[in-house]
Amino acid sequence: MPAQEEPDWQRSTRNVAELLQELRVAQAGVQILFGFLLAVAFSDRYARASATLHLLHLAAVLLAVAASALLTAPAAWHRLLFRHRRREELLRSSNVMALAGLACLAGAMTATVLLLTYVVIGGGWAVAIGAAAAVLFGLLWFVLPLSQRHSRPRNRE
């Protein structure tokens, strides 16, 4: 006996729940990173750091703030729209925000790796290690999943 197809409303409800759960995982990482970045600014060594390091730190903080805003926005949208039968619109918007939030999180983490390696081992290696971190995030979070998406037939979701 073939399995009965899931109704659209049920699929949308499940998709929203899955999305919000995925964002909880990403948000925990953003919060930890943001706390670390805030603590760095109050250290003695930071006060003596170069203007370049201060700008790199600021970039990491701003990327973490953007990631936090983008990754928590779907929960706020859900709270405001969940009883207005707007799940499909919520899913489309939330997907864009989640992807943008992950990109900002990858940028914040890459900037943080660059900042730390610059302080620990210096310029040239820091740039190489920072670039490696950016490539790693890009491959694991975006390139490989997109290649998988295009290698198999799409299902309804």
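Nothing in this text is a laboratory measurement; each read-out follows from the coordinates by a stated rule. The shown structure was predicted, so the numbers you read here are calculated from the model rather than taken from an experiment. We place every Cβ from the backbone using ideal geometry, glycine too, and count neighbours over all the protein chains shown.
Results, tabulated for the structure shown:
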item	result
Net dipole in debye of the stretch 9-111 [+1 Lys, Arg Cβ; -1 Asp, Glu Cβ; about Cα centre; nearest 20]	400
Peptides ranked, highest mean first, by Cβ atoms within 10 Å: ranges 30-41, 62-73	62-73, 30-41
Spatial separation of Cα centroids for the stretch 22-37 and the stretch 98-149, in angstrom	15
Within the chain, longest stretch free of exposed trypsin sites (Lys or Arg not before Pro) [DSSP loop, at most 12 other beta carbons within 10 Å]	86-153
Packing-based exposure ordering (other Cβ within 10 Å, fewest first) of W125, W77	W125, W77
Cα principal axis extents for the chain, largest first, Å	68, 37, 20
FRET efficiency for H54 and W141, using Cβ-Cβ distance with R0 set to 25 Å, rounded to 0.05	0.35
In the stretch 1-103, GluC sites (Glu not before Pro) in a DSSP loop with at most 15 other beta-carbon atoms within 10 Å	E5
